[in-house]
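Written below as structure tokens is the structure these notes are about.
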Amino acid sequence: MSSAVLDPPPPAAGARGLAARAGEAEGMGQWDAAARLYARAFRASMLDRDPAAAADALRGQARVRNNQHRFEEAEELALLTLELSERHELRQAAARALNLLGVVLHARGEWEQASTFFPRALELALDLGDDDLAGLACLNAGVIAQQQGNLQEARTLYLESIGSFVRSGSSANAMMAYNNLGNASVYLGEWMEAEVYFSRGIEIGERLSHSPVLARLYSNRAHPLLQIGEWARARATLAQARAAAEEVGDPSTLAEVEKFHGMMARMEGRLDEAEAHVLRAIAIAQGEATGFDRAEMLRELARLRETQGRHAESRELFVRAAEGFRGVGAAHLVRAIEERLSASGG
């Protein structure tokens, strides 16, 4: 955490008012502003002796640091939130801290450890009747199931999470669930369903002006559109993705945009252009994208090298992609690559 001394908030800006402003900044992807406001909200809540508000502010800071890929700070803040919540018997705040710890650990690639937190959070959420938290725990458990190749289970969990978010009125969380549901449908090869789910998430995101997740939804929608030959719509959604990602400074989504442009160029036979896009995607992704996303980019480059007839390079890249997928527990994708290499004599 930053050691900078923060000015005390003005009397009119109470802890909960500051937290509300921080949430607005977070929703727009204004990470530094959100972090500052959450820090001020935490200090104000401690001065007010309001442990519930303090836990909320700490959890907000942890979410922001996680989105900035500052994972050590995010974990430290989430653990502090859990300790504060348990000390003051704030069961709902403790459940949310458990869920967030799972999210942070998953983002760091520690998916096995992450998977232990979501069932605990879900159990507490169901006991408390907290539909929003139950939805988040289901959503995150779905991510683990999808990563392990249990795609039908993941889809069921995502649908359950959407039901919980509808009951709680949490449109922003439902938007994330639609994004994940679309991704599960992509891996199941259900292109039309995937496009529908991504588009539903985009409808919500455009209504909420929720730029960070909206940028990824625009980008992800390109995948099914390419598979069904909707080239013009794919280009349009990638242009929207680029604009939204640039607005919030999201290099990981910009890398995804380059990857999908490369995929489109490869499918259309423009191989030099495809290479430029994919190499640019990999360069942007270094230190920015998740290990899973980087593995997907290496796999796309391997496919391109195969199309170019550069088979030795292709095999080497497929092996590296498999190593990346293995590192995040995506055993089903490792198997798919191994089967492909075996069939080609690699």
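Read-outs: derived from the displayed coordinates by stated rules, not from any lab. Please read all numbers here as calculations on a predicted model, not as lab measurements. For neighbour counting, all protein chains shown are included, and Cβ atoms are generated from backbone atoms with ideal geometry for every residue, glycine included.
Numerical summary
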read-out: Ranked by how many other beta carbons lie within 10 Å on average, peptides 251-261, 77-87 from highest; value: 251-261, 77-87
read-out: Rounded tilt (10° steps) of 171-187 against the dominant C-alpha axis of the chain; value: 20 degrees
read-out: Förster radius 22 Å - calculated FRET efficiency between R49 and A20 (Cβ-Cβ, nearest 0.05); value: 0.65
read-out: Packing-based ranking, highest mean first, of 133-139, 315-321 given that Cβ atoms within 10 Å are counted; value: 133-139, 315-321
read-out: For the range 242-253, Karplus couplings with θ = phi - 60° (6.51, -1.76, 1.60), whole Hz, Gly/Pro x; value: 4, 4, 5, 5, 5, 4, 9, x, 10, x, 5, 6
read-out: Angle in degrees between helix 31-47 and the longest Cα principal axis of the chain, rounded to the nearest 10; value: 20 degrees
read-out: Peptides ranked, highest mean first, by Cβ atoms within 10 Å: ranges 233-239, 324-330; value: 324-330, 233-239
read-out: In degrees, nearest ten, helix 291-307 long axis to first principal axis of the chain (Cα); value: 10 degrees
read-out: Difference of contour (0.36 nm per residue) and Cα-Cα distance, A172 to E206; value: 11.2 nm
read-out: Contour minus Cα-Cα distance for A312 and H88 (0.36 nm per residue); value: 74.6 nm
read-out: GNM top mover of A283, A241, A265 - the chain, alpha-carbon springs below 10 Å; value: A283
read-out: Mean ellipticity per residue at 222 nm, deg cm²/dmol - from DSSP H runs of n ≥ 4 across the chain, formula -39500 (n - 2.57); value: -27000 deg cm²/dmol
